[in-house]
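Chemist: Have a look at the structure that comes next, please.
The values are calculated or read from the model by the stated rules, or taken from the named source; none is laboratory data. Remember, predicted model here, so these are calculated numbers, not experimental data. Heads up, the Cβs are rebuilt from the backbone with ideal geometry, glycines too, and the neighbour counts pull from every protein chain shown. Side chains are part of the model used for accessible areas, which takes the heavy atoms of the whole protein and leaves out ligands, DNA and RNA. Shrake-Rupley method; radii C 1.70, N 1.55, O 1.52, S 1.80 Å.
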Amino acid sequence: QPVAVEVLDHLEQLALVDFRDTEGVERLRKAIQFADQLHEVNTDGVEPMDSVLEDRCLYLREDDVTEGNCANELLKNARKKVEEYFVAPPGNIPLPTLEERETFLQGS
């Protein structure tokens, strides 16, 4: 079953994965087919869980800083930054426009 252009665009924005080639679209289709198996499971009367560990006590460790003062070194890895912050996607990963996507999908 074909995947709509708008769905591909939205998934790329969320997952930061490029689906513009045939291999990427096929991988997505197989993932959707695999996930569709969950519709076959009868969940009538099953309460949703907050966590698979909701019956256990989770212990937190102390947040002890052992290293530091390396912000400038880390920011050298950023493709784009504003002041002392990394600029997060979608700005740093080029994604195709909807028109480019429609052109690609018509050819597959």
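Chemist: Which one is modelled with the highest pLDDT, of the residues in region 60-82 that are open to solvent by 100 Å² or more (accessible area, probe 1.4 Å) and closer than 29 Å to His10 by Cα? Break it down stepwise before answering.
Modeler: Step one: filter region 60-82 for residues open to solvent by 100 Å² or more (accessible area, probe 1.4 Å), giving 60-67, 69, 72-73, 76-77, 79-81.
Then drop every residue that is not closer than 29 Å to His10 by Cα, which leaves 77, 79-81.
Details: Asn77: 88, Arg79: 80, Lys80: 80, Lys81: 84.
Going through the qualifying residues, I end up with Asn77.
Chemist: What is the number of the single condition among (1) hydrophobic (A, V, I, L, M, F, W, C); (2) over 19 Å from the mean Cα position of the chain (by Cα); (3) under 22 Å from Val5 (Cβ atoms); (4) at pLDDT 85 or above that Leu105 does not meet?
Modeler: Result: Leu105 passes all but (4).
Chemist: So Lys30 passes all but one of these: (1) open to solvent by 100 Å² or more (accessible area, probe 1.4 Å); (2) assigned to a loop (DSSP other than H, G, I, E, B). Which condition number does it fail?
Modeler: Here Lys30 clears every test but (2).
Chemist: Tell me which residues, restricted to region 38-59, are modelled with pLDDT of 85 or more and either farther than 30 Å from Val3 by Cα or open to solvent by 100 Å² or more (accessible area, probe 1.4 Å) (or both).
Modeler: Leu38, His39, Glu40, Asn42, Asp44, Gly45, Val46, Glu47
Chemist: Are there any pairs, at least 6 apart or on different chains, whose C-beta atoms fall under 7 Å, with the first in region 6-18 and in contact (Cβ under 8 Å) with a residue 24 or more places away in the chain and over 15 Å from Ala31 (Cβ atoms) and the second in a helix (DSSP H, G or I) and open to solvent by 60 Å² or more (accessible area, probe 1.4 Å), and if so, which?
Modeler: Going by the 7 Å Cβ cut-off, the qualifying pairs are Asp9/Leu98.
Chemist: Now for a separate question. Just need a number here: residues in region 41-56 that are within 25 Å of the chain's Cα centre (by Cα) and of a type in the set (Asp, Glu).
Modeler: 1
Chemist: Quick one: count up the residues across region 1-26 that are outside any loop (DSSP other than H, G, I, E, B) and either touching a His at 6+ places or on another chain (Cβ under 6 Å) or farther than 20 Å from Ala88 by Cβ (or both). Even if it seems obvious, please write down each step before you answer.
Modeler: Filtering region 1-26 down to residues outside any loop (DSSP other than H, G, I, E, B) leaves 5-15, 22-26.
Of the ones still in play, those that are also either touching a His at 6+ places or on another chain (Cβ under 6 Å) or farther than 20 Å from Ala88 by Cβ (or both) are 5-8, 22-26.
The number of residues fulfilling the criteria is 9.
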